[in-house]
Amino acid sequence: QVQLVESGGGLVQPGGSLRLSCTASGFPFHYHAIGWFRQAPGKEREGVSCIISSDGPSNGSTHYTEAVKGRFTISIDNAKNTVSLQMNTLNPEDTAVYYCSVASPIVCLHYDNYPSEAWDSWGQGTQVTVSS
């Protein structure tokens, strides 16, 4: 069965850290871009970060939205078919349901030039709540 499963969400205090995981079953992450998205109540879904897994020069390339640069780090473990999002210095504005998605590597390499429809998400997401 092909699916993405997000995990690792929870309740953290402002300034705290959390590590999310996205694990795929049914297909390998290799030769794909993997992205993290989030959606807060009453707001549109926004892209957070993406990373490329390939055999070409773009392998390991990442993208971060300005709101999380310097605080979030995306990484991939191809052996485990898992992409992680390390989130540090969390603030209440980071509160959202976080989803992972996959796309062709070029979508992450030129992130701003592709529509959101280029990504496919299958998981139910994981809730991140930042509150004291």
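How big is the Cα convex hull of the chain in projection, averaged over all directions, in nm²?
On the way: hull surface 30.3 nm².
Averaged projected hull area, Cα only: 7.6 nm².
Kindly state, to the nearest 0.05, the FRET efficiency for Asn78 paired with Ile106, given R0 = 22 Å and r defined as their beta-carbon distance. Please list the in-between numbers first.
Values: r = 19 Å, r/R0 = 0.86.
With R0 = 22 Å, the Cβ-Cβ based efficiency is 0.70.
So what's the back-of-envelope 222 nm ellipticity for the chain, counting only DSSP H runs of four-plus at -39500 (n - 2.57) apiece and dividing by all residues, rounded to 500?
-500 deg cm²/dmol
On a full-extension model of 0.36 nm per residue, what is the gain between Ser131 and Ala40, subtracting their alpha-carbon distance, rounded to one decimal in nm?
Gain on extension, Ser131 to Ala40, equals 31.4 nm.
Let me know the volume per residue of the alpha-carbon convex hull for the range 1-62, in Å³.
On the way: hull volume 7.3 nm³, N = 62.
Cα-based convex hull of the range 1-62, divided per residue, equals 118 Å³.
Got a number for the accessible area of Ile74? Probe 1.4 Å, square angstrom, nearest 10.
For Ile74, solvent-accessible area is about 10 Å².
With θ set to phi - 60°, apply the Karplus curve 6.51 cos²θ - 1.76 cosθ + 1.60 along the range 21-35 and write out the HN-Hα couplings as whole Hz, x wherever there is a Gly or Pro.
Once rounded to whole Hz, the list reads 10, 10, 10, 9, 10, x, 7, x, 5, 3, 6, 10, 9, 10, x.
The values are calculated or read from the model by the stated rules, or taken from the named source; none is laboratory data. The structure presented is a predicted model; accordingly, all values stated were derived computationally and were not measured. Cβ atoms come from the backbone with ideal geometry, glycine included; neighbour counts cover every protein chain shown. Note: accessible area is taken over every heavy atom of the protein model, side chains too, but ligands, DNA and RNA are not part of it. Shrake-Rupley method; radii C 1.70, N 1.55, O 1.52, S 1.80 Å.
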